[in-house]
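The block underneath contains the structure these notes are about, expressed in structure tokens.
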Amino acid sequence: MISAHVLALFIAALFVVYAVPGPDMALVLQISIGRGIRSGLAAAGGLGIARATHVTLSACGVAALLRNAPWLYDVVRYGGAVYLAWVGVQIFRSPVFALPAGGASQPTSHPTGPNHKQPLRAAFVKGLLTSLLNPKALLFCSVLLPQFVRPEAGPVGWQMVELGAVLLAIGACFDTLFATGAARIAGWLRAHPLAQTLQRWTFSAALIGFALRLSLE
């Protein structure tokens, strides 16, 4: 059973990760602005399935790691902390997030005929493949989850299930927020580059702080 302290740290880390503008946020915002909220939510559904796949693969990998070579767990954990710190540095150095203004500044309505499912299916598949075929997404998930697993706290598999469920739930909440508030969020991001810079610096420092704390525990 995961302790409340570790779970709170994990949730805080997820808020940092999901709130930083990145590929998943850009995808949901772009599709929601260009094709409407329903398509944005469909893309979010695809992202959710991809994340569930990453969590499953990560859980299987961690379980096998502890079963076959327990000492490698510490190697992965410390290496993961270094990777999280590196991600924090990359966030700090990343350019200002932007979305193409284009001609789709307002969500478009969907047809009510038999073909109305096609754009939803296309958006879902795009969200699924965008994340599923991104090796960095799998690598990040495989690095993040083990940082919050404590072998002495109980079955590792159950801890991974708990962490994975929390990861999926918070990701779905953020994706829904991005889809429903796409126009306002995108407009704010375009209009406040300085705020974006401060946001990136703050989240970068937080992620590096998490990496240091987790590596020292």
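The values are calculated or read from the model by the stated rules, or taken from the named source; none is laboratory data. All values derive from a computational prediction rather than experimental measurement. Please note: Cβ atoms are built from the backbone with ideal geometry, for glycine as well, and neighbour counts cover all protein chains shown.
Things worth noting here:
- Some residue of the range 172-191 being closer than 28 Å to T53 by Cβ, in contact (Cβ under 8 Å) with a residue 60 or more places away in the chain and assigned to a loop (DSSP other than H, G, I, E, B): no
- If the condition is being at pLDDT below 85 and either small (G, A, S) or more than 14 Å from V28 (Cβ to Cβ) (or both), then the range 159-190 contributes A182, A183, A186, G187, W188, R190.
- Residue satisfying all of: in the range 7-50; hydroxyl-bearing (S, T, Y) and over 14 Å from the mean Cα position of the chain (by Cα); modelled with the lowest pLDDT among these: S32
- Selection count where residues are closer than 28 Å to P155 by Cβ and surrounded by 17 or more Cβ atoms within 10 Å (Cβ to Cβ), scope the range 1-46: 9
- Here T108 fulfils each of the conditions (1) among the polar types (S, T, N, Q); (2) in contact with a Gly (Cβ under 7 Å, 6 or more places away or on another chain); (3) modelled with pLDDT of 80 or more apart from (3).
- Any hit, the range 189-201, residues being surrounded by fewer than 19 Cβ atoms within 10 Å (Cβ to Cβ), more than 13 Å from the chain's Cα centre (by Cα) and small (G, A, S): yes
- Pairs with Cβ under 6 Å, 6+ apart, first in the range 111-139 and within 30 Å of A59 (Cβ to Cβ), second surrounded by 15 or more Cβ atoms within 10 Å (Cβ to Cβ) and at pLDDT below 80: S131/A137
- Residue check, A122 surrounded by fewer than 18 Cβ atoms within 10 Å (Cβ to Cβ) and either modelled with pLDDT under 70 or outside any helix (DSSP H, G or I) (or both): no
- The set of residues from the range 19-49 being touching an Asp or Glu at 6+ places or on another chain (Cβ under 8 Å) and within 20 Å of V89 (Cα to Cα) comprises just one member, D24.
- Condition broken by A4, with the remaining ones in (1) over 21 Å from L138 (Cβ atoms); (2) modelled with pLDDT under 75 satisfied: (2)
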